[in-house]
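Undergrad: Shown below is the structure under consideration.
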Amino acid sequence: MELSEQEIQRRNDAEELRKLGINPYPAPMYDVNTNTQEIKQEFEKDNTLFQDVKIAGRIMSRRIMGAASFCEIQDEKGKIQLYLNRDEICPKEDKTLYNTVFKKLLDIGDIIGVSGYVFKTKMGETSVHVKELKVLCKSVRPLPIVKEKDGKVYDAFTDPEQRYRQRYVDLIVNPQVKDTFVKRTLIVNTMRNYLDEKGYLEVETPILQPIYGGAAARPFKTHHNTLDTTLYLRIADELYLKKLIVGGYSGVYEFSKDFRNEGMDRFHNPEFTQMELYVAYKDYFWMMNTVEEMVERIALALHGTTEVKVGENIINFSRPWKRYTMYEAIEHFTGIDISNMDEKELRQTATKLNVPIDDTMGKGKLIDEIFGETCEGKLIQPTFIYDYPIEMSPLAKKHRSKNGLVERFEAVCNCKEICNAYSELNDPLDQRQRLEEQLELGKRGDSESMVVDEDFLKALEYGMPPTSGLGIGIDRLAMMMTNSNSIQDVLFFPQMKPEVQEAITTDNDFINQGVPQQWISMLRKAGIGSLENLKNANINKLFNDLNGLRKKNKLDIPALKIEELKSWIEK
RNA sequence: GACUAAUUAGCUCAGCCGGUAGAGCACAUCCCUUUUAAGGAUGGGGUCCUGGGUUCGAAUCCCAGAUUAGUCACCA
């Protein structure tokens, strides 16, 4: 890869530092005694503090005025301005540290450590008056420059591709991004504390599974060499966790990365995080209370209030949330009671409501479509929707009193599902039948159909207590709690298509190919970065390009002859 | 998978009807001892995403492809 002018400059600067006896990448620790946030907050209250501070961070801007300079450094908590005076950081004759090291060899992006005292400038900005300066890391790649004044951001670094592929750059120049991820961790920690307080056991179950199950999704497939067997990356943890309830734990939960080989969009990443919880001797009504309480606590932990701004809406997570059965919700939003309709009537109703349907849809699917089209988009405030059609819920217990339904609920919020829970099916014979039916359905479209997990059924045959189970999407919850528009904004490293990496061809490879040293950099400039490229190049175009570059760069070498070029390509 | 849009300097972006590639920041050199998105002067920096085509001539028009985003489809 050709280096840009600025990259070459920075590499030279690093070399110059070495010549001055300064290691641009020193080994010893640099022990700071405070941070930028602490200084800014506390100095405001008591300006006798911080008379001997030591801090470190990345240089984010510089203003040099001859023998004195200001620059800003950024640490994890924020930025602070530094004041450097030539004669103070270089009290003796030798002014190299200021004139050469600071002014010439350091740049925006480099990491330095400083010690000195805190003061306020004439402009009223809390700053560190630097007495000592140490280079901690020379950056050889220039950062995007983002400037800001009175909250207005100039030249913002916003290109999603670069932000997601190079999250580290995003984190450096867009400080609010750091906050999103701090909040995400706080969500997880709050949830974990809540569950631990209740006495549930955090567990780990296999990610590599010989049989995948627990959801309707296509898996990622891999292979174990020693066992010479196919393994799947899990799509859900449900079956393993229920086996632990059979084993006698009264409450188990897992924060799990799950993997689904499906389409990607603003709400779906191939790997995502769920928290699944199973508690013995409970039912789905109990679980609704638990979800409300847990999510309300998370909102309070993050925002100090139950009200959270999401897009244009203010969402209030305070308990109790609204509760509708699926039928009630449909009646509420359409005025039509479908609870006693048969398949034909449902079909007519769907058509009347302009809900797109097709012939393959059974009763359950029709109800679900009607709900999705007419209700989901209107549920802004957190709402429990419960009692689902049996067809699409093979792991949920049949309703205690209503035929054709299961004891299942979802919480919908800002028009999106955030969790999914049931009274778990623990009748092993019913479970076998339901899974087998599901299998039949699955076989129609899918080339690789699911297999019934016999070991899971065996476990149920030993007897699982009545249990309530929950799956809550951490990414979705994080999106909502941080007002993020896309799942990529709450994942540090969202999945992206791999960048095509050109085969690395060294100068020596080109020389072996017969290319003279002087022409190599021209070749690279002409877009020929590898031998592969050279062999596939259009000879006439390349011939013109190279001689054009020779002229442009005023090279003091004879013009290339086409025979010469041919010899490189054909060798 | 379909449609739409974007891709130009390290970054943010202009670039008209096809005629030698532009700005601001950043970078380099010089001046400047309390500045604050931007002090002054001068200068360097380009695979105009890639590959074809049309044309005397393409960043610009046409075709194909790559990547990203949005919408829809699929998918709990």
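Undergrad: Among the residues of segment A:300-307, is any open to solvent by less than 20 Å² (accessible area, probe 1.4 Å), over 21 Å from A:R400 (Cα atoms) and modelled with pLDDT of 95 or more?
TA: Filtering segment A:300-307 for residues open to solvent by less than 20 Å² (accessible area, probe 1.4 Å) gives none.
Checked against the condition, which is being open to solvent by less than 20 Å² (accessible area, probe 1.4 Å), over 21 Å from A:R400 (Cα atoms) and modelled with pLDDT of 95 or more, segment A:300-307 yields no hits at all.
Undergrad: Can you report the number of residues in segment A:243-298 which are of a type in the set (D, E, K, R), part of a helix (DSSP H, G or I) and crowded, with 22+ Cβ neighbours inside 10 Å?
TA: 0
Undergrad: I'd like to verify a number: residues in segment A:197-238 that are open to solvent by 90 Å² or more (accessible area, probe 1.4 Å) and either in contact with a Pro (Cβ under 8 Å, 6 or more places away or on another chain) or assigned to a loop (DSSP other than H, G, I, E, B) (or both), how many?
TA: 8
Undergrad: Among the residues of segment A:326-379, which ones are hydroxyl-bearing (S, T, Y), open to solvent by 80 Å² or more (accessible area, probe 1.4 Å) and assigned to a helix (DSSP H, G or I)?
TA: Within segment A:326-379, A:T351 is the sole residue that qualifies.
Undergrad: A:I145: over 30 Å from A:D455 (Cα atoms), part of a loop (DSSP other than H, G, I, E, B) and among the aliphatic types (A, V, I, L, M), yes or no? Show your work before the answer.
TA: Details: over 30 Å from A:D455 (Cα atoms): yes; part of a loop (DSSP other than H, G, I, E, B): yes; among the aliphatic types (A, V, I, L, M): yes.
For A:I145, the condition - over 30 Å from A:D455 (Cα atoms), part of a loop (DSSP other than H, G, I, E, B) and among the aliphatic types (A, V, I, L, M) - is met.
Undergrad: Now for a separate question. Do you know which of the residues in segment A:114-144 that are free of Cβ contacts under 8 Å to residues at least 60 places away in the same chain and of a type in the set (S, T, N, Q) is nearest to A:M29 (Cα to Cα)?
TA: Step by step, filter segment A:114-144, then rank; the result is A:S127.
Undergrad: Sticking with this structure for a sec: Being farther than 18 Å from A:E125 by Cβ and surrounded by 15 or more Cβ atoms within 10 Å (Cβ to Cβ) is the filter here, so list the residues in segment A:31-58 that pass it.
TA: A:V32, A:K54, A:A56, A:R58
Undergrad: Residue by residue through segment A:59-74, note down the ones that are surrounded by fewer than 18 Cβ atoms within 10 Å (Cβ to Cβ) and in contact (Cβ under 8 Å) with a residue 24 or more places away in the chain.
TA: A:S61, A:R62, A:I64, A:A67, A:F70
Yes/no per residue for (1) open to solvent by 20 Å² or more (accessible area, probe 1.4 Å); (2) more than 8 Å from RNA strand B (Cβ to nearest atom); (3) in a helix (DSSP H, G or I); (4) under 30 Å from A:G469 (Cβ atoms):
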residue	(1), (2), (3), (4)
A:V118	no, yes, no, no
A:K131	yes, yes, no, no
A:T180	yes, yes, yes, yes
A:I187	no, yes, yes, yes
A:M191	no, yes, yes, yes
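Undergrad: In this structure, does A:I112 turn out to be away from RNA strand B (no atom under 11 Å from the Cβ) and modelled with pLDDT of 95 or more?
TA: Yes; evaluated as a whole, the condition is true for this residue.
Undergrad: Could you list, ordered by first residue, the pairs with Cβ atoms under 7 Å in which the first is in segment A:209-225 and at positive phi and the second is acidic (D, E) and not in a loop (DSSP other than H, G, I, E, B), at least 6 apart or interchain?
TA: Taking only residues 6 or more apart or on different chains, the pairs are A:G214/A:E238.
Undergrad: Could you list, in sequence order, all residues of segment A:164-178 that are within 8 Å of RNA strand B (Cβ to nearest atom) and either of a type in the set (F, W, Y) or assigned to a strand (DSSP E or B) (or both)?
TA: Across segment A:164-178, the qualifying residue is only A:Y164.
Undergrad: Which one of these is on the phi > 0 side of the Ramachandran plot, away from RNA strand B (no atom under 15 Å from the Cβ) and at pLDDT 95 or above: A:Y253, A:Y281, A:Y249?
TA: Working: A:Y253 fails: on the phi > 0 side of the Ramachandran plot; A:Y249 fails: on the phi > 0 side of the Ramachandran plot.
Of A:Y253, A:Y281, A:Y249, the one residue that is on the phi > 0 side of the Ramachandran plot, away from RNA strand B (no atom under 15 Å from the Cβ) and at pLDDT 95 or above is A:Y281.
Undergrad: Among the candidates A:K398, A:K365, single out the residue that is at pLDDT below 90 and at negative phi.
TA: Sole residue among the options that is at pLDDT below 90 and at negative phi: A:K365.
Undergrad: What residue, among those in segment A:147-163 that are within 14 Å of A:L491 (Cα to Cα) and within 6 Å of RNA strand B (Cβ to nearest atom), is most open to solvent (accessible area, probe 1.4 Å)?
TA: Filtering first and then ranking leaves A:E161.
Undergrad: Moving to a separate point now. Among the candidates A:T96, A:T100, A:T121, which residue alone is under 24 Å from A:K147 (Cα atoms), among the hydroxyl-bearing types (S, T, Y) and modelled with pLDDT under 95?
TA: On the way: A:T96 fails: under 24 Å from A:K147 (Cα atoms); A:T100 fails: under 24 Å from A:K147 (Cα atoms).
Among A:T96, A:T100, A:T121, only A:T121 is under 24 Å from A:K147 (Cα atoms), among the hydroxyl-bearing types (S, T, Y) and modelled with pLDDT under 95.
Undergrad: Pull up segment A:54-78, narrow it to residues that are more than 16 Å from RNA strand B (Cβ to nearest atom) and not in a loop (DSSP other than H, G, I, E, B), then point me to the one that is farthest from the chain's Cα centre (by Cα). Before you say what the answer is, go through the steps one by one.
TA: First, pick out the residues of segment A:54-78 that are more than 16 Å from RNA strand B (Cβ to nearest atom): A:54-56, A:75-77.
Now narrow it down to the ones that are not in a loop (DSSP other than H, G, I, E, B): A:54-56, A:75.
Working: A:K54: 33, A:I55: 30, A:A56: 27, A:D75: 22 Å.
If we take residues in segment A:54-78 being more than 16 Å from RNA strand B (Cβ to nearest atom) and not in a loop (DSSP other than H, G, I, E, B), then A:K54 is farthest from the chain's Cα centre (by Cα).
The values are calculated or read from the model by the stated rules, or taken from the named source; none is laboratory data. A quick note: this is a predicted structure, and the numbers were derived from the prediction, not measured. Counting neighbours? That spans all protein chains shown, and the Cβs are built from the backbone with ideal geometry, glycine included. Heavy atoms of the whole protein, side chains included, go into the accessibility calculation; ligands, DNA and RNA do not. Shrake-Rupley method; radii C 1.70, N 1.55, O 1.52, S 1.80 Å.
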